[in-house]
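The values are calculated or read from the model by the stated rules, or taken from the named source; none is laboratory data. Since we're looking at a predicted model, the values are computed, not measured. Counting neighbours? That spans all protein chains shown, and the Cβs are built from the backbone with ideal geometry, glycine included. With ligands, DNA and RNA removed, areas are computed over all heavy atoms of the protein, side chains included. Shrake-Rupley method; radii C 1.70, N 1.55, O 1.52, S 1.80 Å.
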Amino acid sequence: MNCALVTGGSRGIGRAVCIKLAEQGYHILINYKGNTAAAEETLAAVRAKGADGTLMQFNVGKEEEVQNVLGAWIDANKDKQIEVLVNNAGIRQDMMMFQMSTDNWKNVIESSLDGFFYVTKTVLTGMLLKRYGRIVNMVSLSGLKGTPGQVNYSAAKAGLIGATKALAQEVAKRNVTVNAVAPGFIRTDMTEGLPEKELSAMVPMQRFGTAEEVAEAVSFLASKGASYITGEVLNINGGLYS
Ligand code: NAP
């Protein structure tokens, strides 16, 4: 059975990606941190597409949890192959750097950058042995341009962009591709409370994007058809580059 693992699959962009990959026929491994009710809603939506899934609760930023849940699942399911990995889990804890606590810094780096390392390392060997894999990392416009009030988040996403480009070159020979998508403003829980009307005025398309619009691009990069694209960062931002 071929599986797709989506971290942070319980809500927002991750949920939309789970649903889209279910359309490609994958068994979806839906990771989440704590919101079981939301993860169950994602699973129901995956099933409504005629596919199936498995809930996997672990904090991507904690190596031991990743090993105990994901590592143990891989060991116990040798007949199943994780062909697609979407490193989507992430949080933001915005504030100006002079006010930022060490915890604010570490929490954000942990969820986006450390999480990428622990989860990808755990599934990569299987992809290399099978000589097939698709890894898509969720970065952000902030990781490309830097956003004031988001020194932690911008650093985490810029770090993930560097890791994407480096890993892409390490594993290309084995038909494992590694790409990133960089959304601008997308309407999810993460952007709830932002002044959408004001911010939309800065976007050439004059609106926030939807999780489904991001999922379309992830789905393409995760597909067999994207076989000669690797180390790429695809912007999904309605034209907002600065
Ligand atoms: P969201 O609606 O807040 O959802 C976040 C998801 O990540 C939830 O499923 C949450 O699980 C999970 N999560 C958070 N920390 C985790 C951890 N340590 N371990 C495992 N799961 C964790 O966010 P979103 O807007 O969909 O964002 C998804 C990704 O897109 C993030 O990486 C974000 O940085 C990136 N992004 C978003 C935007 C935007 O405008 N929304 C723009 C650029 C990039 P629980 O439900 O269990 O809490």
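Quick test for you: out of Val136, Val69, pick the one residue that is crowded, with 20+ Cβ neighbours inside 10 Å and within 16 Å of the ligand (Cβ to nearest atom).
None of the other options fit; the residue is Val136.
When the stretch 1-59 is limited to residues that are basic (Lys, Arg) and surrounded by 23 or more Cβ atoms within 10 Å (Cβ to Cβ), the one that is farthest from Glu83 (Cα to Cα) turns out to be Arg15. Scanning the stretch 17-50 for residues that are in contact with a Cys (Cβ under 9 Å, 6 or more places away or on another chain) and either in a loop (DSSP other than H, G, I, E, B) or among the charged types (D, E, K, R) (or both) gives a single hit, Tyr26. Applying the set (1) farther than 24 Å from Leu221 by Cα; (2) in contact with a His (Cβ under 9 Å, 6 or more places away or on another chain) to Gly53 leaves exactly one unmet item: (1).
Tell me which residues, restricted to the stretch 196-242, are on the phi > 0 side of the Ramachandran plot and of a type outside the set (Gly, Ala, Ser). Write out each step before concluding.
Step one: list which residues in the stretch 196-242 are on the phi > 0 side of the Ramachandran plot, which gives 206, 231, 238-239.
Result: Gln206, single match.
Every condition in (1) of a type outside the set (A, V, I, L, M, F, W, C); (2) at positive phi; (3) in contact (Cβ under 8 Å) with a residue 12 or more places away in the chain holds for Gly193 except the one numbered (3).
Only one of the numbered conditions (1) crowded, with 18+ Cβ neighbours inside 10 Å; (2) at pLDDT below 95 is violated by Thr230, and that is (2).
Restricting attention to the stretch 172-183, the residues that are in contact with a strand residue (DSSP E or B) (Cβ under 8 Å, 6 or more places away or on another chain) and surrounded by fewer than 18 Cβ atoms within 10 Å (Cβ to Cβ) total 2.
When the stretch 175-202 is filtered for residues that are assigned to a helix (DSSP H, G or I) and in contact with a Gly (Cβ under 8 Å, 6 or more places away or on another chain), the ones remaining, listed by number, are Asp189, Met190. Does the stretch 155-165 include one or more residues that are away from the ligand (no atom under 16 Å from the Cβ), touching a Leu at 6+ places or on another chain (Cβ under 8 Å), hydrophobic (A, V, I, L, M, F, W, C) and at pLDDT 95 or above? No, there is no match, as no residue in the stretch 155-165 is away from the ligand (no atom under 16 Å from the Cβ), touching a Leu at 6+ places or on another chain (Cβ under 8 Å), hydrophobic (A, V, I, L, M, F, W, C) and at pLDDT 95 or above. Quick one: count up the residues across the stretch 233-242 that are open to solvent by less than 20 Å² (accessible area, probe 1.4 Å) and within 30 Å of Ile82 (Cβ to Cβ). Total satisfying the criteria: 1.
Given the residues Ala22, Ala4, Ala38, which is the only one that is within 12 Å of the ligand (Cβ to nearest atom) and touching a residue at least 24 places away in the same chain (Cβ under 8 Å)?
Values: Ala22 fails: within 12 Å of the ligand (Cβ to nearest atom); Ala4 fails: within 12 Å of the ligand (Cβ to nearest atom).
Result of the check over Ala22, Ala4, Ala38: Ala38.
Taking the criterion of being within 16 Å of Arg187 (Cβ to Cβ), without any contact (Cβ under 8 Å) to a residue 60 or more places away in the chain and surrounded by fewer than 18 Cβ atoms within 10 Å (Cβ to Cβ), the residues of the stretch 199-227 that qualify are Leu199, Ser200, Ala201, Met202, Val203, Met205, Gln206, Arg207, Glu213.
Working only within the stretch 72-92, note down all residues that are farther than 13 Å from Leu5 by Cα and open to solvent by 50 Å² or more (accessible area, probe 1.4 Å). Within the stretch 72-92, Asp75, Ala76, Lys78, Asp79, Arg92 meet the criteria.
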